[in-house]
Each structure stands twice: as structure tokens, then as C-alpha cells.
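Q: Just dropping this structure here.
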Amino acid sequence: MHATICDIITDLVQNSIEAGATQIELEVATKPEEIEIRVNDNGKGMDAATLKKAIEPFYSEAGKHDHRRVGLGLPLLIQTAEAAGGKAEITSQPGHGTQIRFTMDARNWDTPPLGNVAHTVLGLMTFGNTYNLILTRKTTTDTYTISRADLADALGNLEEAGTLALAKEFLESQEEHLQHS
């Protein structure tokens, strides 16, 4: 099981990066009654047969992981969403990418805590591949959007400590603003 919803987000975005996506859109919407997450990418996608296998426990695409042959990310996502009074929807098409949407009842005892969105997204933006991660963060009263490309343009190399500290401070300020709006 995942400890937080941000752990699920990390797994999903890493899947997008590993699938060769150059554009990954992440939407994190929180309301008092519901949490909704969307991850859309333009990676290699999956045909219907592969998608069916991907949501079964212990399947992993051959060669995807050097040290393990099983994958539990999508099956655990589905199980967690359903246990938390929500659902998970996954669509994919070869050559066009994958779209994942899941919801959870924010009031349900089985809903994991959200986790630290700012730290999670910053970590996801530091992977070495060439991709743009766009975060849209929504609450019932406010929204902000930031992309990896925007942060790199404004701050410079996202692999340098000073730049990472500035990016962290910015993302934390955006999250804090959402909490007080």
C-alpha cells in the first residue's frame, strides 16, 4: 500500500517518464468531500491487451525494471481508490499516451493522507529525462499552475542545489497560499 496519495502520484508520473512521455499533465484537486487526481501523458501508451495486464497484480512490461519483474502500482491504485470510496479510470492508446483519473472520498477512513505536494512535485521535476511536467493544483477557492519548463526558465538548472532550494520555496509558498485562501 502507499503511505500517501503523493506516493501514488510519484509512481504514476514515473511510469509516464519511463514510457517516454515528453508532456505530462498532473492535476491535483482537493475538496472537503473529494480528492481527484489526473495524470495525462503523451508517452508510448498501451494497447487494450497490455492495459488489461497492467491492472493485474504482478505484471510488469519486460525490461522496464532492472531488478524486479513485477509491478503493483496500478493494481494498488485501483484497490486504494475503491477502498477509499472512489474509483480509478485508465485509458491508453499506443502512440498517444495514457490518461489516469482517480478519486477518493476525502472523508473516508481508508483514504491515505495527501502528503506533501510541493516536495513530491519538486522531486518529480528533477529526473534527468527530457519532459515537461505541468502541475495544476486546485482547491475549492484557488488554483495555481506551474511547469518544469517554467521553473527551469525562471531559475535555471533544476539539478543544482541553489536552484532546487528556490524552487522548493516557491512551490511551498503556492501550497501555503492554497491553504489560506
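The values are calculated or read from the model by the stated rules, or taken from the named source; none is laboratory data. Since we're looking at a predicted model, the values are computed, not measured. Counting neighbours? That spans all protein chains shown, and the Cβs are built from the backbone with ideal geometry, glycine included.
Q: Which residues, counting only those in region 50-59, are part of a helix (DSSP H, G or I) and of a type in the set (D, E, K, R)?
A: 52, 53
Q: Anything in region 1-49 that is of a type in the set (Asp, Glu) and either in contact (Cβ under 8 Å) with a residue 60 or more places away in the chain or not in a helix (DSSP H, G or I) (or both)? List them, or say none.
A: 7, 11, 25, 27, 33, 34, 36, 41, 47 - these are the residues of region 1-49 that are of a type in the set (Asp, Glu) and either in contact (Cβ under 8 Å) with a residue 60 or more places away in the chain or not in a helix (DSSP H, G or I) (or both).
Q: Kindly establish whether residue 130 is out of contact with any Phe, Trp or Tyr (no Cβ under 6 Å at 6 or more places or on another chain), polar (S, T, N, Q), in contact (Cβ under 8 Å) with a residue 60 or more places away in the chain and not in a helix (DSSP H, G or I).
A: The answer is yes for residue 130.
Q: Taking region 138-181 as the region of interest, how many residues are in a loop (DSSP other than H, G, I, E, B) and of a type in the set (Asp, Glu)?
A: Counting residues in region 138-181 that are in a loop (DSSP other than H, G, I, E, B) and of a type in the set (Asp, Glu) gives 3.
Q: Would a scan of region 154-176 turn up a residue that is closer than 20 Å to residue 37 by Cα and among the basic types (Lys, Arg)?
A: Looking through region 154-176, none of the residues is closer than 20 Å to residue 37 by Cα and among the basic types (Lys, Arg).
Q: Which residue out of 153, 105 is more than 15 Å from residue 25 (Cα to Cα) and free of Cβ contacts under 8 Å to residues at least 40 places away in the same chain?
A: 153
Q: Which members of region 131-147 meet the condition of being surrounded by fewer than 21 Cβ atoms within 10 Å (Cβ to Cβ) and either more than 12 Å from the chain's Cα centre (by Cα) or at pLDDT below 95 (or both)?
A: Within region 131-147, 132, 138, 139, 140, 141, 142, 143, 144, 145, 146, 147 meet the criteria.
Q: Now a separate question. Which one of the conditions (1) more than 12 Å from the chain's Cα centre (by Cα); (2) touching a residue at least 60 places away in the same chain (Cβ under 8 Å) does residue 83 fail to meet, given that it meets all the rest?
A: (2)
Q: Of everything in region 7-24, what is of a type outside the set (S, T, N, Q) and under 11 Å from the mean Cα position of the chain (by Cα)? Give them in sequence order.
A: The answer is 7, 8, 9, 11, 12, 13, 17, 24.
Q: Moving on. Scan region 85-118 for residues that are hydrophobic (A, V, I, L, M, F, W, C) and either surrounded by 19 or more Cβ atoms within 10 Å (Cβ to Cβ) or outside any loop (DSSP other than H, G, I, E, B) (or both) and jot them down.
A: Residues satisfying the conditions are 88, 90, 100, 102, 104, 117, 118.
Q: Take region 45-75 and flag every residue that is surrounded by 15 or more Cβ atoms within 10 Å (Cβ to Cβ) and at pLDDT 90 or above.
A: Correct list: 45, 46.
Q: Moving on. State the number of residues belonging to region 86-130 that are over 30 Å from residue 167 (Cβ atoms) and either over 17 Å from the mean Cα position of the chain (by Cα) or not β-branched (Val, Ile, Thr) (or both).
A: So the answer is 13.
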